[in-house]
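The values are calculated or read from the model by the stated rules, or taken from the named source; none is laboratory data. No experiment lies behind these values; they were computed from the predicted model shown. FYI the Cβ positions are ideal-geometry reconstructions off the backbone, even for glycines, and counts take in every protein chain you see. Surface areas here come from the heavy atoms of the whole protein model, side chains and all, with no ligands, DNA or RNA. Shrake-Rupley method; radii C 1.70, N 1.55, O 1.52, S 1.80 Å.
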Amino acid sequence: MYSIGEGGVGSIQPSLSAAGGKEEPSLREEWMEKIGDIRMPRASMNKLVMNYLVTEGFKDAAVRFQEEAGVSAGQDLGMLDNRINIRDSIQAGKIQEAISLVNQLHPQLLDNDRHLLFHLQQQHLIELIREQKIEEALQYAAENLAERGEEDSAVLQDLERTLALLAFDDPASCPFADLLSPGHRQQVASQLNAAILRAEHAESTQSTLAVSLKMLLWAQEELDKKRVRYPHMQLSTGQIEEPK
């Protein structure tokens, strides 16, 4: 079979089977050949990219891509401004500002989605802890989140994880320090973005590219469970690996 040489993925060297000295085919190379035979029209690729930019609210990139690739965004890109402002507020840790913007844009959204409201309030609590505003954090949790925790065990668990950050002089050393990562802000921002798209009756709350990647992850997990040998894709690098 084939093995990966010292040069990395791109350096694939053939090896001979011990039985008859016959060269075995590489599953990865066969896979890559089949992928190479697939021809996706440029127009379809451009549409996929534009769908991602518009759905995720990357207005400047969408405007530039529309001009350079000659592909229509399918809507007035100026309508993205509200979602962009809300996303930027969350990513900057200004959760109360984001909540205020949402209430102006869709007054009933957070009233009708208590789970989403909790995640926004939880993120605000995290920001207070990040800023070492301990008394304010405890007061906010007692006034806005304690009752929700009593009603919902899942909410209580998330609340306990968040308050555990207070037990450490350096919250970054807490086992739940992932709550302080930029990725957690992004997760909340994406959840809110999807809710706004639903409220605006968008065709989809997720980009086609994001849905495709989730399908890929699901398929690979199912194949792994069944112990099927196949060329595995590492999403972090985009590399196709030889089956182990």
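For beta carbons closer than 7 Å, sequence separation of 6+ or different chains, a first residue in segment 16-43 that is over 30 Å from residue 66 (Cα atoms) and at pLDDT below 80 and a second that is among the hydroxyl-bearing types (Ser, Thr, Tyr) and open to solvent by 100 Å² or more (accessible area, probe 1.4 Å), there are no qualifying pairs. Against the numbered list (1) open to solvent by 70 Å² or more (accessible area, probe 1.4 Å); (2) within 28 Å of residue 154 (Cα to Cα); (3) touching a helix residue (DSSP H, G or I) at 6+ places or on another chain (Cβ under 6 Å), residue 94 comes up short only at (3). When 188, 155, 211 are checked against the criterion of being more than 14 Å from residue 123 (Cα to Cα) and open to solvent by less than 70 Å² (accessible area, probe 1.4 Å), a single residue qualifies: 211.
With respect to (1) assigned to a helix (DSSP H, G or I); (2) open to solvent by 60 Å² or more (accessible area, probe 1.4 Å); (3) polar (S, T, N, Q), the lone exception for residue 220 is condition (2). Close Cβ contacts (under 6 Å, 6 or more residues apart or on different chains) running from residues in segment 209-232 that are under 14 Å from residue 48 (Cβ atoms) to residues that are of a type outside the set (D, E, K, R) and open to solvent by 60 Å² or more (accessible area, probe 1.4 Å) comprise 209/52.
Of all residues in segment 131-144, which are polar (S, T, N, Q) and not in a helix (DSSP H, G or I)? Break it down into steps so the answer makes sense when it comes.
Quick first cut of segment 131-144, residues polar (S, T, N, Q) only: 132, 139, 144.
Passing the criteria: only 132.
Please specify each residue of segment 158-185 satisfying the condition of being open to solvent by less than 20 Å² (accessible area, probe 1.4 Å) and within 26 Å of residue 88 (Cβ to Cβ). Residues satisfying the conditions are 162, 165, 171, 179.
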